[in-house]
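Input: a single structure, listed below in structure tokens.
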Amino acid sequence: MRCSACESDAVIDQPYRGAHLCAAHFRESVEERVRREMHRQLPRFGRGTVGVALSGGKDSGVALALAHRYFHRRPTVRVVAISVDEGIDGYRAGTLRAARELTESLGVEHVVVSAREAIGTTIDRTVEELPDTVPCSFCGVWRRQLLNRAARDAGADALVLGFNLDDLAQTVLMNLVRGDLDRLLRMAPHRVRQPGLVPRIAPLAQVPEREVYLYARLKGIPFDHGECPHAGRASRNLFREIVWQLEEDQPGTRQALLHTHERLVTEFLAEGNAIVAPHRCRACGEPAANELCRACEYLEIARAPPSAPEAS
Ligand code: SF4
Ligand SMILES: [Zn+2]
Ligand SMILES: [Zn+2]
């Protein structure tokens, strides 16, 4: 198959836009989509600090490499990579090694936060003590809070997340199906700054997962291929399958889901509504939707088994 833009052989097809691209045009198309999203989600940003959540996997590796590419000619912008070690044996050490390799090759500052030190427990210990629960619920909530704290401590004005088009489409569908309007509205990318919360942005929002993977391979970005031993228990897997099937059947479904989310948020804000966490957690002082933040709620459950929460 020929590239839609030149005479070279295509390395990837993009059914959602009826195109095939060679390696050079493919790299260019990824970089351009990310550049546009960065500009759209973080407009007129010429001075300050940008945190990048770096797990050591392909998505966050590509997000860091492209954030560095986008900002490195601006000496007034500092980029800081932040990794969280949730305490997952046989998995996290490898991803942290890849994260370190990438930050060293780019010359980017790297902060690693340990869950054991910050909140006094780990995901492995939680799984051991609460074998019937879904570890990703705990992991997601704790990681989100630790990333926010570390980004805030680093003085970050925004936190880049490596969410790709598939991740975001799955999250939109998941929240729609559950009727969870609050979470739908609070999803990244954030348009407004809330006290205590570093706005999260998702510059890979227009890049499908398999294109992120191919880009990382073509550019030689180091990332770890390992899979978390607890991944099989995430309820997200069902939504991954559904979105994949919908996309096969109707190319463009993922972009349509993101567009729906965008319109909901824009119209909600246009009505004069605000998306804010109204409380401060009584245990840790972080922004919270209720009296106790979700990270502390989960800590209470982890310390006093057995009532298990639902998956997120
Ligand atoms: S798969 Fe679940 S437990 Fe494993 S790192 Fe991801 S969120 Fe955490
Ligand atoms: Zn080409
Ligand atoms: Zn709390």
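The values are calculated or read from the model by the stated rules, or taken from the named source; none is laboratory data. Not measured: the values here are computed from a predicted model. Quick reminder, even Gly has a Cβ in these numbers, built from the backbone with ideal geometry, and neighbours come from all protein chains shown. Calculation scope for accessible area: heavy atoms of the full protein, side chains included, ligands and nucleic acids excluded. Shrake-Rupley method; radii C 1.70, N 1.55, O 1.52, S 1.80 Å.
Summary table below
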item: Matching option when the condition is at pLDDT 95 or above, within 16 Å of ligand 3 (Cβ to nearest atom), surrounded by 21 or more Cβ atoms within 10 Å (Cβ to Cβ) and over 30 Å from Pro251 (Cα atoms), among Ala158, Ala150; result: Ala150
item: Single condition Ala169 does not satisfy, out of (1) part of a loop (DSSP other than H, G, I, E, B); (2) open to solvent by less than 70 Å² (accessible area, probe 1.4 Å); result: (1)
item: Which numbered condition Val112 fails, given (1) over 19 Å from the mean Cα position of the chain (by Cα); (2) among the hydrophobic types (A, V, I, L, M, F, W, C); (3) open to solvent by 40 Å² or more (accessible area, probe 1.4 Å); result: (1)
item: Selection status of Pro287, open to solvent by 70 Å² or more (accessible area, probe 1.4 Å), modelled with pLDDT under 90, over 30 Å from Ala10 (Cβ atoms) and within 16 Å of ligand 3 (Cβ to nearest atom); result: no
item: Odd one out for Val243 among (1) under 25 Å from Ile201 (Cβ atoms); (2) within 16 Å of ligand 1 (Cβ to nearest atom); result: (2)
item: Number of positions in the stretch 1-21 that are surrounded by fewer than 12 Cβ atoms within 10 Å (Cβ to Cβ), more than 8 Å from ligand 2 (Cβ to nearest atom) and in a loop (DSSP other than H, G, I, E, B); result: 2
item: Test: Thr76 is within 11 Å of ligand 1 (Cβ to nearest atom), of a type in the set (Val, Ile, Thr), free of Cβ contacts under 8 Å to residues at least 60 places away in the same chain and surrounded by fewer than 24 Cβ atoms within 10 Å (Cβ to Cβ); result: no
item: Residue in the stretch 50-64 that is away from ligand 1 (no atom under 16 Å from the Cβ), touching a strand residue (DSSP E or B) at 6+ places or on another chain (Cβ under 9 Å), among the aliphatic types (A, V, I, L, M) and open to solvent by 10 Å² or more (accessible area, probe 1.4 Å) present; result: no
item: Any hit, the stretch 165-176, residues being closer than 21 Å to Gly61 by Cβ and over 14 Å from the mean Cα position of the chain (by Cα); result: no
item: All positions within the stretch 176-186 that are surrounded by fewer than 19 Cβ atoms within 10 Å (Cβ to Cβ) and at negative phi; result: Leu176, Val177, Arg178, Asp180, Leu181, Asp182, Arg183, Leu185, Arg186
item: Residues satisfying the stated conditions in the stretch 215-239, i.e. open to solvent by 40 Å² or more (accessible area, probe 1.4 Å) and away from ligand 1 (no atom under 12 Å from the Cβ); result: Arg217, Leu218, Lys219, Gly220, His225, Leu238
item: Filtered residue count, the stretch 49-104, keeping only those that are in a strand (DSSP E or B) and either closer than 27 Å to Thr126 by Cβ or within 16 Å of ligand 2 (Cβ to nearest atom) (or both); result: 8
